[in-house]
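Below is one structure; the comments refer to it alone.
Each reported figure results from applying straightforward, stated rules to the coordinates on display, with no laboratory input. None of these values were measured; they are calculated from a predicted model.
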Amino acid sequence: MSFFEKLKQGLSKTKNSFDEKMNQVFSGFRKVDEELLEELEEVLIMSDVGMETSMKLIEQLRTRIKKENIKEEMQVKEALKQEMENILNHEDTNLHLETKPSVILVVGVNGVGKTTSIGKIANRLKMQGKKVVIAAADTFRAAAVEQLEIWSQRAGCEMIKGKEGIDPASVVFDAIKRTKEENADVLICDTAGRLHNKKYLMDELLKIKRVIDKELPDVAKEVLLVLDATTGQNAIQQVKAFKETVDINGIVLTKLDGTAKGGVVLGIVEENHIPIKFIGVGEQMEDMQEFNSKEFVEALVETEK
């Protein structure tokens, strides 16, 4: 099965929910008018796209309808798809690891799939011929370190860990030292599942970042926030909370295959101006792929050929 087929399958809950609402709007289609646009806006909001983003999409669609004199149902759907793509294409979805070494700092609350995402990203980089070191800096939960160790072994990457409860920044320091000794290409740092209302955990995250900036000042750094797609609008709030502490430059969106709330992808990107860099649509090692906006929208909103 190609990744596009997996993506379509993974987004089936979102797509079916979206299609059902869209079909209700167009079931009595007579003409393209303001009433139709209002109903489409409601569909977008109900599909977890978010209020602000839904309003923007409909405003852009309204402008296109007038400019291109759109009168047919399929033309409306095609124009809506293109506007969705435009939102997603505004941001750079590439992973920038130009220096040797480069650092990927991975953040996110507990339960979003952070550990498995690190394992899958490490595996992708290894398959590209890169040497990867993983820092198990979520030292507050022994289970997190054990799980990360399993994923590290699956990916064939070395993992640096410390004793339970040890200062997470010290683990990152040791991992940086090991990265230099091994002449590794990429260091991936796990962090504790930081609840955004717990200030001391956010302070710990800043401490880790300071260690990285001091020990590896001129390297390429990616800060990836892992989000669980099933949380819908709450995911957008998590982005805003983490942005206050660290300069997030990419999102990893997991569990898209288990939710009807895939529309949240549009809201995350539009409201925060941060790209989705990876999406997960399954449990297997290869089920995490780089985000492709065209494929995503095509899988979400299929129009007749």
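Normalising by the residue count of the chain, find the relative contact order in percent from Cα pairs under 8 Å and 6+ residues apart. Computed over the chain, the figure is 28 percent. Taking amide H atoms as placed 1.01 Å from N in the peptide plane, the amide H of E222 lies under 5 Å from those of V103, I104, L105, each 5 or more residues away in sequence or on another chain.
A Stokes-Einstein calculation at 25 °C with viscosity 0.890 mPa s, built on the Kirkwood radius of the chain over Cα pairs, returns a diffusion coefficient of 121 µm²/s. The string of couplings for region 268-277 from the Karplus curve (6.51, -1.76, 1.60, θ = phi - 60°) is 4, 5, 5, 7, 10, 6, 10, x, 7, 9 Hz, one whole number per residue in order, with x for Gly and Pro. With the convex hull of the Cα atoms taken as the outline of region 155-275, the averaged projected area works out to 8.7 nm². Across region 163-177, coupling constants 3J(HN,Hα) worked out from phi with the 6.51/-1.76/1.60 Karplus curve, θ = phi - 60°, read 5, 4, x, 5, 4, x, 5, 5, 5, 5, 4, 5, 5, 5, 4 Hz, and Gly and Pro carry x. For the chain, a Gaussian network of Cα nodes joined below 10 Å ranks A229, A175, A184 by mean-square fluctuation, and the top entry is A184. One Cα centroid belongs to region 232-253, the other to region 89-156; the line between them spans 17 Å.
From Cα pairs below 8 angstrom and at least 6 apart in sequence, can you work out the relative contact order of region 3-89, rounded to a whole percent? Worked out over region 3-89, it gives 25 percent. Taking the empirical scaling 2.2 N^0.38 Å for compact globular proteins as reference, region 1-123 has a Cα radius of gyration ratio of 1.38. Computed across region 70-143, the Kirkwood radius stands at 16.2 Å (inverse of mean 1/r, all Cα pairs). For region 93-191, the pair-distance distribution built from all alpha carbon pairs, in bins 10 Å wide starting at 0, is 17, 54, 27, 2 percent. Per-residue Karplus couplings for region 233-250, computed as 6.51 cos²θ - 1.76 cosθ + 1.60 with θ equal to phi - 60°, are listed in order as 4, 4, 4, 5, 5, 5, 4, 4, 5, 6, 4, 5, 9, 10, 7, 5, 10, x Hz, Gly and Pro entered as x.
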